[in-house]
Amino acid sequence: MTWTPRLCMILSLPAVLTAALACTSARAKAKPSKADKPAETAADIAATKKAATPNMTAPEAAKLVDENKAYLVDVRERDEIIDEGMAKPAKWLAMEEIQVRGNRYEDAIRTWPKEMPLIFYCASGKRAQIAAGHFKELGYTTSVMGRFKDWTATDLPTRRKP
């Protein structure tokens with residue numbers, strides 16, 4: 001029998017398939033890495049499943065912001081702010097900017113000192129939780145005030161446009 005390249009390839013095919021199956025099987029059993037995660041991170045999913053629990057009241061947030069001890073960040077979208085207004089001292093960073101724009105918005109927030117805590121709010125508190133988790137990963141100290149309605153319910157100052 002003459003060993004030609006074609007014959008070698010045919011004879012080694014079962015070995016290659018066996019190795020490929022072993023790798024695939026081992027990979028299926030392995031825990032997914034961060035690189036395997038889709039655009040919406042596991043932290044995002046966990047935060048939306050978990051009840052949006054604020055860890056700060058609107059008056060507490062207002063006091064810290066008034067004393068220049070924290071930034072208040074509204075993560076609602078433009079149409080929500082146009083319809084309802086926003087907290088007067090809040091900085092506006094729509095959740096879409098956080099999720100879609102990537103480095104563009106990170107460049108914009110580099111002016112926010114990391115030693116200044118960030119307090120997030122939105123309409124229901126869920127997006128605020130997600131944003132707080134994201135900024136915590138970037139090295140910020142974060143809190144969640146919860147909902148914009150909590151701000152307006154205590155007659156704290158608002159403004160109409162971002």
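Each value in this text was obtained by applying a stated rule to the coordinates, not by laboratory testing. Quick caveat, the model's predicted, so the values are computed rather than measured. Note: ideal-geometry Cβ built from the backbone for every residue, glycine included; neighbour counts use all protein chains shown.
Can you compute the modelled spin-label distance between Lys69 and Asn55, with each label point 7 Å from Cα toward Cβ, in nm?
Output for this residue pair reads 1.6 nm.
If packing is taken as the average number of other Cβ atoms within 10 Å across a peptide's residues, how do 127-136, 71-80 rank, most packed first? Please list the in-between numbers first.
Details: 127-136: 23.2, 71-80: 20.0.
Highest to lowest by the protection proxy: 127-136, 71-80.
What pairs in Lys114/Lys161; Lys114/Lys136; Lys136/Lys161; Lys63/Lys136; Lys91/Lys149; Lys69/Lys161 have C-alpha atoms more than 19 Å from each other? Let's see the in-between values first.
Values: Lys114/Lys161 26 Å; Lys114/Lys136 10 Å; Lys136/Lys161 27 Å; Lys63/Lys136 22 Å; Lys91/Lys149 17 Å; Lys69/Lys161 24 Å.
The answer is Lys114/Lys161; Lys136/Lys161; Lys63/Lys136; Lys69/Lys161.
Pop the C-beta distance of Leu138 and Lys161 into the FRET formula with R0 = 35 Å and round what comes out to the nearest 0.05.
On the way: r = 27 Å, r/R0 = 0.77.
According to the calculation, E is roughly 0.85.
Could you work out how much longer the chain between Thr154 and Thr111 gets when fully extended? Use 0.36 nm per residue separation minus the Cα distance between them, nm to one decimal.
Details: separation 43, 0.36 × 43 = 15.48 nm, distance 3.00 nm.
My answer for the length gained is 12.5 nm.
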